[in-house]
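Values in this text are rule-based calculations from the coordinates and carry no lab data. Computed from a predicted structure; not experimentally measured. Counting neighbours? That spans all protein chains shown, and the Cβs are built from the backbone with ideal geometry, glycine included.
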């Protein structure tokens, strides 16, 4: 379950709005290939919708640790769902790519910490943010 947040509109992410004509499947395959080239194994890929929101999901294992990325499809002001889905798949690819560069230096667990899959199905990020928000409210809420 994704954290409830005020997400921007897809068009507000201007440097990744309608910059590609590649299909969402192309971007998902690229993400999976990066993970595989880093020694990972893809466990599941999916796209789904719930409560009017869409998201891509990628679950994988690296070095005995399971990870789950859930990347939201931002709503489009102009109702351009195809472009919004393409944007989400593209952003997820670049997130995976950046984290793999970080992992080369700091390790997979540190780089992908927010996506560590816990036994109850939640991710470390889903558990940590509410806990940290209660412990340090002013620190985490300033500037939001």
Highest-fluctuation residue, 92, 51, 101 considered, GNM on the chain with Cα pairs under 10 Å
51
Efficiency of FRET from Cβ geometry, residue 98 and residue 15, R₀ 22 Å, rounded to 0.05:
0.95
For region 1-56 and region 102-117, what is the separation of their C-alpha centers, rounded to whole Å?
18
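State the dimensionless ratio Rg/Rh of region 52-93 (Rg: radius of gyration of Cα atoms; Rh: Kirkwood radius).
Taking Rg over the Kirkwood Rh, I get 1.12.
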Length-normalised contact order of the chain in % [C-alpha pairs under 8 Å, at least 6 apart]
22
Mean-square fluctuation maximum in Gaussian network of the chain, Cα pairs under 10 Å, restricted to 86, 122, 77, hits 77
Per DSSP H run of n ≥ 4, the term is -39500 (n - 2.57); total these for the chain, divide by its residue number, and report the mean residue ellipticity at 222 nm rounded to 500 deg cm²/dmol.
-13000 deg cm²/dmol
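What are the semi-axes of the equivalent ellipsoid for region 1-70, taken as the square roots of 5 times the Cα gyration tensor eigenvalues, largest first, in whole Å?
Details: eigenvalues 117, 59, 24 Å².
They are 24, 17, 11 Å, listed largest first.
Any idea what the relative contact order of region 8-76 is, in percent, if you count C-alpha pairs under 8 Å spaced at least 6 apart?
Relative contact order of region 8-76: 29 percent.
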Longest to shortest principal axis, alpha-carbon extents of region 10-141, angstrom
40, 39, 27
